[in-house]
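J.: Right, I'll just put the structure down here and ask away after.
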Amino acid sequence: MTSPRFSVVLPTRNRPETLRYALQTCLQQDFDDYEVLVCDNGDGQAARDVVHQAASTRIRYLEPTVPLAMSANWERALGEARGEFITVLGDDDGLMPFALREADRLLRDHGTQALVWQRGIYTWPTIGIDGEANLLRLPLAREVVALDGREQIAKAIRFEAGYDTLPMVYSAFVHRDLVERHRRIAGRVFLNVYPDVYSAFGLGYLAGRYLSTSVPMSIAGLSHASNGVATLMNTSSNVVANDFTRLNEQFGYFRHPKVPDRMALGPVHVIDCFLHAKDALFPDDDSLTLDRKDFTRRCLAAVFDATPERRADARQAIRSSLADAPELLAWFDAEAPDFPPARMFSFQPPRLGFDGVMLSIRTDAAKVRNIADAVASSCELLGMGGGNIINYDLASWSRLHESVGALTLSEERARRDEANAQRLLTDAGAAVERAESQLRDARNSVEQLRRQLASERDAAADHAARLQHQLGEALLASSLRYVPRRILAKLLRRLPGRTLSND
């Protein structure tokens, strides 16, 4: 059997009321070479009935076995996927109708093994959290950039970039070779309780360079039965969260010992996934190391409990995660800050409208009741319906801001370099003038020395001539002593005014 280009994997557990709409968006693609794999982890046959009603030969349905932990069900699903590229869609999420067609084009044009996209967000009317229902958030940019997995991991663990900028299988198409490579190294694909977030770090490290687009290929739906909503936003005990915890413990998925046992703290799930990935894939890569003190501060700042007793419990849980590091325990006991209670996580923006990155609107007035309606409205708002080819020529505000910032820094560096060059030129000019002055002084000194030497040479010559004359006279006088006096007198008489003394 020929493998399809794409596998859209749909794990599901006891959510037929959202599954039918998620499946509907999967079957409305303007692309043919793909399969939809529904991996049922439910307790009854409700999901089977939804698949039967969809009546599509494109769907493959995996019967439930025993109840599986979320990560185990995702593991099973990816093991059955036949596509060259694989993505996972939640059973309350929606796939945009152009997703497979555009993904195929981008992957062929750029030749990468992973394509990640920025998701839209839709909160179902049934989310069950006060103030969170009926919200649609969409990125408006249309750009494609290449990213480096290790660089993005480094940014993610410093909380400078979201983990969803990595090729998380929940919002990316990843080549099956990456999945198989991870499985060969680590024994399985998902190593902890957060399979979506874990895949960002595990597959991101193995992918190397990958493609990222701001065009939303999917809309992440948040409903009352979402595991994320139940465990991260709903602080009270609830059936979904209890089921999630029980199955994870049963199948041996536990938190990393270096993170606090407080799933609701925002930084925990990010760093838990990073540490599991590091232990399994890159334990000796010192370029990717967690700053545990900074992480601890972030956990303390994320504590939202207001009562002294619950805040003390949360601080103790955070402290316990440092048990392997005595120096960090000493720091914690002496200096760990006590932040005011944090605000509970919310999808609601400070205000509706466009914030430079995302467009946020209310959906209840538009009669959007489910994820299929949200997908249709999103296509209309973005102007991406009707099979039109998307032009990736509109950078996001944040990207433009980064570009302007980089250009400003470049201009500042250029100005500093120019000023430094001018100072160097001025200094060089001054040095040349000093050298020329010194050269003139040296020439003058040489000329003075030359004149002095000539004068001294002339004086020496005169002195030597006098000495020579004196020597001649002395020699003459000395030689006359031995001339007979009568001859000498005769000679002197010839000289006027000369007489011979008696000496």
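J.: What share of the DSSP beta bridges in the chain is antiparallel, in percent to the nearest 5?
T.: Restricted to the chain, the bridges split so that about 50 percent are antiparallel.
J.: Would you please classify the overall shape of the range 75-193 from the alpha carbon gyration tensor, given that a ≥ b ≥ c denote the square roots of the eigenvalues, rounded means a/c under 1.5, and beyond that prolate means a/b larger than b/c while oblate covers the rest?
T.: rounded
J.: Taking the convex hull of the Cα atoms, report for the range 410-479 its projected area averaged over all directions, in nm².
T.: So the Cα hull casts an average projection of 5.8 nm².
J.: Tell me which residues come under 5 Å, amide H to amide H, from residue 37 once H is placed; ignore anything under 5 positions away on its chain.
T.: 8, 9, 10, 60
J.: Let me ask you something else. Starting from the 7 Å offset along Cα-to-Cβ, what nm value, one decimal, do you get for the label separation of residue 365 and residue 108?
T.: Between residue 365 and residue 108, the label points sit 4.2 nm apart.
J.: Continuing with this model, one more query. Work out the FRET efficiency for residue 393 and residue 45 from their Cβ-Cβ distance, taking R0 = 45 Å, and round it to the nearest 0.05.
T.: Efficiency at R0 = 45 Å is approximately 0.40.
J.: Could you tally the net charge around residue 23, taking each other residue with its Cβ under 15 Å from the Cβ of residue 23, Lys/Arg +1 and Asp/Glu -1?
T.: Net charge in that neighbourhood comes out at -2.
J.: Under a plain spin-label model, where a point goes 7 Å from the Cα along Cα-to-Cβ, how far apart in nm are residue 284 and residue 309?
T.: About 5.1 nm, to one decimal.
J.: Measure off 7 Å from each Cα along the Cα-to-Cβ vector at residue 345 and residue 32, then give the distance between these two points in nanometres to one decimal.
T.: 4.2
J.: Can you order the peptides 176-185, 274-283 by their average number of other Cβ atoms within 10 Å per residue, highest first?
T.: Highest mean packing first, the order is 274-283, 176-185.
J.: Another question, then. Within the set of other residues whose C-beta is less than 13 Å from the C-beta of residue 32, count the net charge using Lys and Arg as +1 and Asp and Glu as -1.
T.: Here the charged neighbours net out to -1.
J.: Quick check: the angle from helix 70-80's long axis to the longest principal axis of the chain, C-alpha only, nearest 10 degrees?
T.: With rounding to tens, the tilt is 90 degrees.
J.: Set the Förster distance to 45 Å, then compute FRET efficiency between residue 61 and residue 412 from the Cβ-Cβ distance, nearest 0.05.
T.: 0.15
J.: As a footprinting exposure proxy, order 39, 299, 273, 379 by other Cβ within 10 Å, with the fewest listed first.
T.: Ranking 39, 299, 273, 379 by Cβ neighbours within 10 Å, fewest first, gives 379, 299, 39, 273.
J.: Give the share of C-alpha pairs in each 5 angstrom bin for the range 1-142, from 0 to the last occupied bin, in whole percents, shortest bins first.
T.: Per 5 Å bin, starting at 0, the Cα pair percentages come out as 2, 9, 18, 21, 20, 16, 10, 4, 1, 0.
J.: Whole angstrom only: what separates the Cα centroid of the range 14-61 from the Cα centroid of the range 266-316?
T.: For the range 14-61 versus the range 266-316, the Cα centre distance is 37 Å.
J.: Ok, one more. Given the C-alpha atoms of the chain, compute the convex hull and give its volume per residue in Å³.
T.: Taking only Cα atoms, the chain has a hull volume of 344 Å³ per residue.
J.: Right, something else. Average the reciprocal distances over every distinct pair of alpha-carbons in the range 280-358, invert the result, and give the Kirkwood radius in Å.
T.: Over the range 280-358, the inverse of the mean reciprocal pair distance is 15.3 Å.
J.: Could you tell me what a quarter of the Cα convex hull surface of the range 141-257 works out to, in nm² with one decimal place?
T.: Mean projected area of the Cα convex hull: 8.7 nm².
J.: Further question on the same structure: Counting residues in the range 209-343 as N, plug N into 2.2 N^0.38 Å and put the Cα Rg over that result.
T.: That works out to 1.19 for the range 209-343.
J.: Can you give the angle from 0 to 90° between the axis of helix 16-26 and the longest principal axis of the chain, with both taken from C-alpha atoms, to the nearest 10?
T.: So the helix axis and the longest Cα principal axis differ by about 60 degrees.
J.: Any idea what the relative contact order of the chain is, in percent, if you count C-alpha pairs under 8 Å spaced at least 6 apart?
T.: Computed over the chain, the figure is 16 percent.
J.: Output the direction-averaged projected area (hull surface divided by four) of the convex hull of the alpha-carbon atoms of the range 307-437, in nm².
T.: Result: 20.4 nm².
Since every read-out is calculated from the coordinates, none of them should be taken as a lab result. Computed from a prediction, not measured in an experiment: that's the story for all the values here. All Cβ positions, glycine included, derive from the backbone under ideal geometry; neighbour counts span all protein chains shown.
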